[in-house]
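The values are calculated or read from the model by the stated rules, or taken from the named source; none is laboratory data. Because the structure is predicted, anything quoted here is derived from the model rather than measured. Note: ideal-geometry Cβ built from the backbone for every residue, glycine included; neighbour counts use all protein chains shown. Just so you know, the surface numbers come from the protein's heavy atoms only, side chains and all, with ligands and any DNA or RNA stripped out. Shrake-Rupley method; radii C 1.70, N 1.55, O 1.52, S 1.80 Å.
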Amino acid sequence: SQQGEEDPQALSIQEGENATMNCSYKTSINNLQWYRQNSGRGLVHLILIRSNEREKHSGRLRVTLDTSKKSSSLLITASRAADTASYFCATDGGGAQKLVFGQGTRLTINP
Amino acid sequence: SQTIHQWPATLVQPVGSPLSLECTVEGTSNPNLYWYRQAAGRGLQLLFYSVGIGQISSEVPQNLSASRPQDRQFILSSKKLLLSDSGFYLCAWSTGLAENIQYFGAGTRLSVL
């Protein structure tokens, strides 16, 4: 079953603006990951945040995790047209060797 | 460096025909291997995963099967395809470490007609 649920399902913004995507999950986790998927391609790992971390940065990406609310957010700052893609959160709540992916947020950056 | 190869990129098959999708990983040993299916505009559904040769875990009862004949080879098969088997199939690998960061192939677009 899909544990992660992203919000919104689709987001369209202007280049240069910030994009925020949210993810909620249901069970306890050890870590939460975010992946990116360009249309018709495989997923690419972006960032991992552990359950004992509250915030993590990587370049223009900022991830937060609130384990009390079972939610995470991904912020992309100063968006570029090349950021257009689908973004998925994934949790390890399904077992140590498995990830459970959400339904994704389709992000469109308009030039 | 590690690479993952998945082929073919696109496949059109008639209903009732067999299927074999292959995935190979280079540059690592004893990886965990995964097969996912993705419906259009949707998330990933885990179909099978393997933590070693001959060890296959099935997540969803279905018309598909998986095999791992070699350490870095993972095959997805069907004896008779159904219309509902259409979708985007993704292979992935991970090191088996606790973080379980997964690395994906380019995917196979399967259309069953």
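At-a-glance table
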{"item": "GNM top mover of A:GLY40, A:GLY93, A:GLY16 - chain A, alpha-carbon springs below 10 Å", "result": "A:GLY40"}
{"item": "Those trypsin sites (Lys or Arg not before Pro) in segment A:21-83 that DSSP places in a loop and that have at most 12 other beta carbons within 10 Å", "result": "A:ARG54, A:LYS69, A:ARG80"}
{"item": "Inter-probe distance in nm under a simple model that places probes 7 Å from Cα toward Cβ, at B:SER1 and B:SER67", "result": "3.3"}
{"item": "Kirkwood Rh, angstrom, segment A:38-85 [1 / mean 1/r, Cα pairs]", "result": "12.2"}
{"item": "Interface A:B - total buried accessible surface [probe 1.4 Å, Å², rounded to 100]", "result": "1800"}
{"item": "Trypsin sites (Lys or Arg not before Pro), loop per DSSP, at most 11 other Cβ atoms within 10 Å - longest free stretch of chain B", "result": "B:1-78"}
{"item": "Three-way shape label, the protein assembly as shown, alpha-carbon gyration tensor, a/c 1.5", "result": "prolate"}
{"item": "Lysine pairs with alpha-carbon atoms under 22 Å apart, the protein assembly as shown, spacing 8 or more or separate chains", "result": "7"}
{"item": "Whole-number accessible area per residue in Å² for the protein assembly as shown, which is evaluated in the context of all protein chains at 1.4 Å", "result": "46"}
{"item": "Share of carbon and sulfur in the accessible heavy-atom surface of the protein assembly as shown [1.4 Å probe, %]", "result": "49"}
{"item": "Protein-protein interface of segment B:68-113, residues with accessible area decrease of at least 50 Å², isolated chain reference, 1.4 Å probe", "result": "B:GLU99, B:ASN100, B:ILE101, B:PHE104"}
{"item": "In order through segment B:91-107: 3J(HN,Hα) via Karplus (6.51 cos²θ - 1.76 cosθ + 1.60), integer Hz, x for Gly, Pro", "result": "9, 8, 9, 9, 7, x, 6, 4, 5, 6, 6, 10, 10, 9, x, 7, x"}
{"item": "Per-residue average of Cβ from other chains inside 10 Å of A:40-51", "result": "4"}
{"item": "Counted charge near B:SER77, where neighbours are those whose Cβ lies closer than 15 Å (Asp, Glu -1; Lys, Arg +1)", "result": "+2"}
